[in-house]
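Data first, discussion second: the structure below is written as structure tokens.
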């Protein structure tokens, strides 16, 4: 199994760079190569992809058993896994882009797996187009890097690239920073982060060009990792089977964007401005997405928002790592060469732990959906007794997500917050800008929100003794009618108008409670579930849950495993970790870290308690009718109206423009052509009148024509040619 | 062995033989197109990716191979006179397009295996079109080039006019008049180039490298001639605003006609710009580069936006062709090695992909009686094979990696970035629109609950599947291993570019070509 190879290779603490082959070549030596590279980050990703992938495939055996089109499902899943493996093994941006797009394709196909459902087809299209916007930015960023760094002569590159000898001595991508391979991979040294590529000297002295390149690459990552403002596709992507949501839209594919940011930081680096923007986008997204999770009525969408939010954390951590590298670069000597230290391992650590608990959350949610046949949280409740394994494993996932020790999320999230704090401190002491503190505050608030929404979900589904799980299980395949699911609980009247998704069930918008019109799939969501009654699934589905729950605990202790430290460059295991391991210099117990850890713990605890206060009895909480929060609730439920905005943009502006252009094309451009045609046919009709049959008049025209010819060739042409030699024209 | 003459003979004689074969026409057509393909493959085997331009032989100095020179007739006149030659030869720019012609033709023949209406005429005309295209691609003499160029027009006129849809007569006439006006303009410009440039022969190999010398045509004349050629070839390409014949012609043309039209005929325009206009009139090219770039941008954006607004599947594909050929024009206008390579590669890719998409459109019309996108839906449920082909074609056309367009588009945009900087954002953003219209089309046609599908709708027939599968296989093959076709291009691309760098911005003038060596 590929996983095993990955683990073995990774544990050897070396880079493996296989001989690559030329994919497209130009005779001036510019080659577009394809090769494989196992880097530490890549190895970590391999573990994530293949472990989660394997468990999801196992789980699918039962979960998807009664669906049509299983060969297609498994084929697409396998294509996805191989594309993802290719992505993390790529050794240059072109290959990365190739795999990146293939991953996007698989996502498109899998979101649209239930293609008969219009909402699924629409969600698939949306995912592809939104990520495509990011891809275009990404392409441009790569072009900038290529044309600036790819054209370097061997003399100019900054330290990390100096003295590189390229195979063949030509402009080879793999030599000139256009590869993830640090130049000295052949010497079997440990991982070498390099950050010198973005120096202005490499960009013709321009300091904003590398910034721009970084921001454009961020654009690509934002598309794939659903960061603000390209986040809108991910909640809709829950139209795919839950297994797909677990694998692709939580654990692995969306992580590709973070991985892109991390490797870009390692091999090229981000300028300070770009790094701060990354922190800002990440910090803001973490809070922004979390707030939408509080009101979402659909169990999968809550988890989807949490994915966006957690990805925001990771992006923030990469940004913070880049800020630190930019402000206080530190070097370690490797084989006598000073090499820049990087801290992206912190983000990768969160990616690693998040992959397991997020897959766990999705798969448990899948088990619930499978059991009760609905995705609507307000129809669930009291499942704890009937689904003990599911409820406990999901609790583990929820605790890990909230960041409660000893679950993995605590260590990684705490580490990440600590890194951001460090970056913020550096920025404010060195540049006097408190901006990063603001983003840090947003992220800290998001800790509270995270705990709040995930425990709202857990309490609503499992707590209490209601047996709402007996909801009328929607039949397979056919989209369930937009049943007024809120009817049993309807009390409020502020019926918000139906959203752009044309879901016009007259559902009353029940603040913080009801399933409302904004999420179309909540009504038809029971597509891939179906055993009414609600009980734990069989071992095929349970084993993955238990394994993932174990991993959700164990992943936090990853840095303790001897020999894997190099997989997570720059990770200093804070607070508890330090106490336990006391590993290395500079990791002594630190008051700031302790305070930060306590603060985030306190926020998480507060979140859980708040959730308990509102939903602890498993009942649906309703805002009073006159509550001022109603407006806020409506905004959240409508996802800050971003869908409406983009839909409006697409249908009215872009499509409108297209229709207008079509009109111009038909009536102005083609109309002109038809006009000319008309002119000629009229002219020929009048020309017919010249055919008088009178020889002398013909002769007159002949003379006129000849004269015109002579004037043209004897005067006009020589004038045009401007004194140049006029060739002897035959016949004249 | 006169390979190219053999190739021309097989395709031309084969086409005429097919006219006479009556009900065995399809077998004759298959045999002829197979023989053509085999000959092309044999030529590819013999082809040297990099050639010593200082080698023996007159034509090798132009970087061509497989040259054959026979004087057709000469005209002696005081002060010079001229000769007209049968001069053929190929290089890395023409070879991929010749291969493309052979492939697309055989796919079209197989696809139309069950053609009922006058099959001998239908197949014969298709083969004649192919022969004409191959003739254009191998000619190295202006007159020979023009003869083949005109040969292409006539069979296509009849294909549209006799086998086409309800408005076929209008469309055929529009196609013919439009492209003929363009040909005449082109012909006059070519003649003017030959006579004013004092060539004394019509072969343009001999002219490579000479045109940069000071005593060549004056800049204004060059610009005028280049402008005329740009119009002549641009109509064929087609570029905005001379594109409106294309949607009409496609909508009315029979499927095979559309396939050849999009697959090969559009490439003639690009090839003409690459082979004749740009290298032979370097100063004119440089003066008009802004115009070319503007028209390229216009075609890219206009084509993409208009695709979004279309309801007829064929019109969607037709406008997307305008978009893609706009990228080709952009890559040519850059006139860098990477640009030329990208242009050739993109023409090759677009030939395969648009041929596939037009086959799908044809089958859709055949199966459902309509190509109107909003009135049909959920094809996947009833006609899964057709739906799959539609999907592969769309994804290939929007530039998905591992399919043939991706390396081509990537090279083109990289070349554009190197040459133009941030302007590349404009065509890049059009990529989003391209993705949007294809995916929107897929969403409406392929997915969702079945809608508007007649009871007795059947999936693709075996010949249709075979024709499409050939294209799909190559789309995937050349997408994963693009160097299989790409490796022949760069040397010729570099040679063309280096030999025709105008005096305005490149130091390579005068004898740069003659001392050119690999």
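Sorting the Cα pairs of region B:159-295 by distance into bins of 10 Å, from 0 upward, gives 12, 39, 27, 16, 5, 0 percent per bin.
Please give the average number of partner chain Cβ atoms lying within 10 Å of the Cβ of each residue in B:431-443, rounded to a whole number. It would help to have the intermediate numbers written out before the result.
On the way: counts 5, 8, 5, 1, 8, 9, 2, 3, 11, 5, 1, 7, 11.
Mean shielding by partner chains, rounded to a whole number: 6.
For the residues of A:658-665, the average number of beta carbons from a partner chain within 10 Å of their own beta carbon is 6. Listed from fewest to most Cβ neighbours within 10 Å, the set A:231, B:169, B:365 follows the order B:169, B:365, A:231.
I'd like to compare B:325-333, B:32-40: which one has the highest average count of other Cβ atoms within 10 Å, and what's the full order after that? Write out the running numbers ahead of the final one.
Working: B:325-333: 29.2, B:32-40: 20.8.
Highest mean packing first, the order is B:325-333, B:32-40.
Between residue A:595 and residue A:66, how many nm apart are label points set 7 Å from Cα along the C-beta direction? My value for the distance between the label points is 5.7 nm.
Extension gain residue A:706-residue A:437, at 0.36 nm per residue separation less the Cα-Cα distance, in nm?
88.2 nm
The distance linking region B:380-420 with region A:55-110 is 19 Å (Cα centroid to Cα centroid, whole angstrom). Take each residue of peptide B:405-415, count the partner chain Cβ atoms within 10 Å of its Cβ, and average: the result is 3. Here, region B:257-390 is characterised by an Rg to Rh ratio of 1.07, where Rg is the alpha-carbon radius of gyration and Rh the Kirkwood radius. Computed extension length for residue A:682-residue A:429: 82.9 nm, one decimal, from 0.36 nm per residue of separation with the Cα-Cα distance subtracted.
Overall form of chain B: prolate. Here a/c, set by the Cα gyration tensor axes a ≥ b ≥ c, is 1.5 or more, and a/b is the larger of a/b and b/c. Taking other C-beta atoms within 10 angstrom as a stand-in for reagent exposure, B:371, B:167, A:456 fall in the order B:167, B:371, A:456, fewest first.
Between residue A:641 and residue A:538, how high is the FRET efficiency from 1/(1 + (r/R0)^6) when r is the Cβ-Cβ distance and R₀ = 41 Å? Nearest 0.05.
Values: r = 43 Å, r/R0 = 1.05.
Efficiency, from the Cβ-Cβ distance: 0.45.
When you count the other C-beta atoms within 10 angstrom of each residue and take the mean per peptide, A:694-707, B:435-448 line up highest first as B:435-448, A:694-707.
Taking 0.36 nm per residue of sequence separation and subtracting the Cα-Cα distance, how much length would be gained by fully extending the chain between residue B:169 and residue B:6, in nm to one decimal? Please report the intermediate quantities before stating the final value.
Numbers: separation 163, 0.36 × 163 = 58.68 nm, distance 3.56 nm.
My answer for the length gained is 55.1 nm.
In angstrom, the C-alpha Rg and Dmax of region B:109-220 are 18.4, 60.
For region A:235-293 and region B:284-299, write down the distance between their C-alpha centroids in whole Å. Comparing the Cα centres of region A:235-293 and region B:284-299, I get a distance of 40 Å. A simple spin-label model places the labels of residue B:27 and residue A:649 6.1 nm from each other, with each point 7 Å out along Cα-to-Cβ.
Take A:59, A:73, A:667, B:178 and order them by how many other Cβ atoms sit within 10 Å, fewest up front. Each step should come with its number before you reach the end.
On the way: A:59 27, A:73 19, A:667 11, B:178 22.
Ranked by crowding around the Cβ, least crowded first: A:667, A:73, B:178, A:59.
In percent, what relative contact order does chain B have, based on Cα pairs under 8 Å that are 6 or more apart in sequence? Walk me through the numbers on the way to the answer.
Working: 973 pairs, mean separation 92.7, N = 518.
Computed over chain B, the figure is 18 percent.
Per residue, the Cα convex hull of region A:644-689 amounts to 28 Å³.
Going by the alpha-carbon gyration tensor, a ≥ b ≥ c the square roots of its eigenvalues, is region A:48-94 rounded (a/c under 1.5) or, if a/c is not under 1.5, prolate (a/b greater than b/c) versus oblate?
Working: a/c = 5.65, a/b = 2.04, b/c = 2.77.
Verdict is oblate for region A:48-94.
Packing-based ranking of A:598-605, A:126-133 yields A:126-133, A:598-605, ordered from highest to lowest mean Cβ neighbour count within 10 Å.
A short reminder: the numbers here are calculations on the coordinates, not readings from a lab. Here the structure is a predicted model, which means the values were calculated and not measured. Ideal geometry is used to build each Cβ from the backbone, glycine not excepted, and the neighbour counts take in all protein chains shown.
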